[in-house]
Amino acid sequence: MPSVTVTRRMRFNAAHRVFNPAFSDAENDATFGKCNNPNWHGHNYTLDVSVEGPIDKRTGYVLDLAKLRDTVEREVVGVVDHRNFNLDVAFMKGVIPTSENIIVAFWKILQPAVSPGRLSKLVLWETENNYVEYSGH
Ligand code: NI
C-alpha cells in the first residue's frame with residue numbers, strides 16, 4: 001500500500017517579543033535586535049501541517065483534509081490567532097516565542113490530535129523569507 005503525505009496550509013497572525021528575561025537589556029538588544037522591541041511586533045504566519053499514511057481503499061484519501069483543518073484550527077490556530085505569544089498563549093508560558101519554540105509546541109499538541117494519522121512534518125513560515133521545519137526529532 002503506497003504511503004502518501006498530505007498537507008494542509010493554515011494562516012494566522014500573532015504578536016510577540018523575542019527576548020530572554022534572564023538577559024540584561026543590552027544583551028537582549030545585542031542578541032535579538034528589533035525582535036526585542038518591548039512594545040511587541042507581529043507576523044503573518046503560515047503553517048503547513050503534513051500527515052502521512054496509506055490510502056484508505058474506501059475513500060481514496062489518506063485522511064479528510066477538512067477534518068485535519070478543523071483539528072488544527074481547534075487545537076492551535078484558533079488558540080494563537082490574533083493573540084500575543086508572550087501574554088495570551090498558555091502553552092508558550094515561560095518559553096521564548098521564536099519560530100523554533102513555537103513549532104515544537106505545536107507538534108506536541110498536534111501529534112496526538114491527528115491520530116491515527118501520523119504527523120510527519122510541520123513547516124512554520126514567520127516571513128516570506130524565514131521558515132522552520134520540524135519532524136518530531
Ligand atoms: Ni518576530
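Each value in this text was obtained by applying a stated rule to the coordinates, not by laboratory testing. Since the model is a prediction, treat every value here as computed from it, not as a measurement. Here the Cβ is made from the backbone with ideal geometry for all residues, glycine too, and neighbour counts use every protein chain on show.
Each residue of segment 85-101 is assigned a 3J(HN,Hα), and the resulting list reads 4, 6, 9, 9, 10, 4, 6, 9, 4, x, 10, 5, x, 6, 4, 4, 6 Hz, derived from the Karplus form 6.51 cos²θ - 1.76 cosθ + 1.60 (θ = phi - 60°), x at Gly and Pro. For a 23 Å ceiling on Cα separation, which of these pairs sit above it: 67/108; 34/121; 67/93? Correct reply: 34/121; 67/93. Placing unit charges on the Cβ atoms only, positive for Lys and Arg and negative for Asp and Glu, gives segment 5-137 a dipole magnitude near 520 debye about its Cα centre. Loop-only check: which trypsin sites (Lys or Arg not before Pro) in segment 48-137 are DSSP coil with at most 16 other Cβ within 10 angstrom? Within segment 48-137, the qualifying trypsin sites (Lys or Arg not before Pro) (loop, at most 16 other Cβ atoms within 10 Å) are 57, 58, 93. A simple spin-label model places the labels of residue 5 and residue 31 3.2 nm from each other, with each point 7 Å out along Cα-to-Cβ. For the charge dipole of the chain, defined by +1 on Lys and Arg C-beta atoms and -1 on Asp and Glu C-beta atoms about the Cα centroid, which residue among 19, 130, 54 has the Cα displaced farthest towards the positive pole? Highest projection toward the positive end goes to 54. Subtracting the Cα-Cα distance of residue 65 and residue 133 from their residue separation scaled by 0.36 nm leaves 22.5 nm.
Over the chain, dividing the summed -39,500 (n - 2.57) contributions of all DSSP H runs of at least 4 residues by the number of residues returns a 222 nm mean residue ellipticity of -6500 deg cm²/dmol. Karplus-derived 3J(HN,Hα) values for segment 13-19, using 6.51 cos²θ - 1.76 cosθ + 1.60 with θ = phi - 60°, are 10, 7, 9, 6, 10, 9, 7 Hz; glycine and proline are entered as x.
Between the amide H of residue 45 and those of 12, 13, 14, distances stay under 5 Å, these residues lying 5 or more places away or on another chain, with hydrogens modeled in the peptide plane.
Prolate is the label for segment 1-69, because the ratio a/c of its alpha-carbon gyration tensor axes (a ≥ b ≥ c) is 1.5 or higher and a/b is greater than b/c.
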